[in-house]
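The structure appears right after this line, and notes come after that.
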Amino acid sequence: MSQIADRYRKLAASFTARVDAVRDDRWSNPSPCEGWTAVDIVRHMTETAGIFYSLVGRELPPIPSVDDDPKGAWAATRNAIQRALDDPAFAGLPYEGQLGHATFEVGVDKFLSGDLLLHTWDLARATGLDERLDPDEVSNVLSMLTPMDEVMRAPGAFGPKVEAPDGADEQTQLLAFAGRRV
């Protein structure tokens, strides 16, 4: 297994722990992502996974409805991405994206893994769960996203940065960079 597959597994486990802990009455709670609820975060993660499958000419296997079964939809999506990353032939499938030539696993690492980390916090914030993120992953995602600042501010991506307080820890800096108010 590749480091990318292992990294995704770790980040997905953290997101999954939050998804599994959401009480049924909290799926409609507003999230830090403007206009989204907690269930919309799961919807976004499943839809984005489908995009990466389509970039390499494949379809995401059938998943349960996010509205009817957000936990099942996420589990099926997570498993599909993990199986693809654990298969070297699938992981190495090439595509041309907005940032040029890449492979499925590189795209997942650059986009889905960072999304998992940030949306783990979003889901936790929306539903009253543990908001702590893995400090090593926070550092990794912040260093990966910082050079893509302009691209990230395109419509449909991240909103404007917010000012992190003086002396803020790295998690707070990452969240502020991604437009979250802590």
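The values are calculated or read from the model by the stated rules, or taken from the named source; none is laboratory data. Here the structure is a predicted model, which is why all the values come from computation and not from measurement. Virtual Cβ from ideal backbone geometry, glycine too; neighbours counted across all protein chains shown. These area figures cover heavy atoms from the full protein model, side chains too; ligands, DNA and RNA do not enter into them. Shrake-Rupley method; radii C 1.70, N 1.55, O 1.52, S 1.80 Å.
In what sequence, largest accessible area first, do His119, His44 appear using a 1.4 Å probe?
Working: His119 10, His44 45 Å².
If we order His119, His44 from most to least accessible, we get His44, His119.
With 10 Å bins from zero, work out the P(r) of segment 88-152 over every alpha carbon pair and list the percent per bin.
Answer for segment 88-152: a P(r) of 19, 42, 30, 10 percent.
Picking from Ala12, Ala38, Ala154, which is most flexible by a Gaussian network model of the chain using Cα springs under 10 Å?
Maximum among the listed residues: Ala154.
Using unit Cβ charges (K, R positive; D, E negative) and no other charged atoms, how large, in debye to the nearest 20, is the dipole of segment 2-63 about its Cα centre?
I would put it at about 260 debye.
Per residue, how big is the convex hull of the chain when only Cα atoms are used? Give it in Å³. Mind showing how you got there, number by number?
On the way: hull volume 20.1 nm³, N = 182.
Cα convex hull per residue, to the nearest whole number: 110 Å³.
Hey, what number do you get for the chain at 222 nm if only DSSP H runs of n ≥ 4 count, each worth -39500 (n - 2.57), divided across all residues, to the nearest 500? Let's see the in-between values first.
Working: 9 runs with 100 residues, N = 182.
Result for the chain: -16500 deg cm²/dmol, rounded to the nearest 500.
With every protein chain left in place, what is the accessible area per residue of the chain in square angstrom, probe 1.4 Å? Before the final figure, lay out the partial values.
Values: 9230 Å² over 182 residues.
Heavy-atom SASA per residue in the chain reads 51 Å².
What Kirkwood hydrodynamic radius, in Å, does segment 119-182 give when the mean of 1/r is taken over all pairs of distinct Cα atoms and then inverted? The partial results should precede the final answer.
Values: mean 1/r = 0.0816 Å⁻¹.
So the Kirkwood estimate lands at 12.3 Å.
Lys and Arg at +1, Asp and Glu at -1: add these up for the other residues within a Cβ distance under 11 Å of Phe52 and post the number. Before the final figure, lay out each step's value.
Details: positive: Arg58, Lys110; negative: Glu47, Glu105, Asp109, Asp115.
Its environment carries a net charge of -2.
Could you name the aspartates and glutamates in cross-link range of Lys10, using Cα to Cα under 14 Å and dropping any fewer than eight places away on the same chain?
Asp86, Asp109, Asp115, Asp134, Asp136, Glu137
Can you order the peptides 143-150, 82-89 by their average number of other Cβ atoms within 10 Å per residue, highest first? Please list the in-between numbers first.
Numbers: 143-150: 12.0, 82-89: 15.9.
Put in order of decreasing packing, that is 82-89, 143-150.
State to the nearest 20 debye the size of the charge dipole of segment 53-95 about its Cα centre, where the only charges are +1 on K and R beta carbons and -1 on D and E beta carbons.
On the way: 4 positive and 6 negative charges, 29 e Å.
Using Cβ point charges on Lys, Arg, Asp and Glu, segment 53-95 gives about 140 debye.
Based on Cβ point charges of +1 for Lys and Arg and -1 for Asp and Glu, what charge dipole magnitude is obtained for segment 30-182 about its Cα centre, in debye rounded to the nearest 20? All intermediate terms of the calculation are to be shown ahead of the outcome.
Working: 12 positive and 25 negative charges, 46 e Å.
That gives a dipole near 220 debye.
Distance between the C-alpha centers of segment 118-155 and segment 17-89? Whole Å please.
If you average the Cα positions of each part, the centres end up 17 Å apart.
Two-decimal Rg/Rh of segment 1-77 from alpha-carbon positions, Kirkwood Rh? Walk me through the intermediate numbers first.
Numbers: Rg = 13.2 Å, Rh = 13.4 Å.
Reported Rg/Rh (Cα atoms, Kirkwood Rh): 0.99.
With point charges of +1 on the Cβ of Lys and Arg and -1 on the Cβ of Asp and Glu, referenced to the Cα centre of the chain, which listed residue (Cys33, Ala76, Ala164) lies farthest in the positive direction of the dipole?
Working it through, the farthest residue towards the positive pole turns out to be Ala76.
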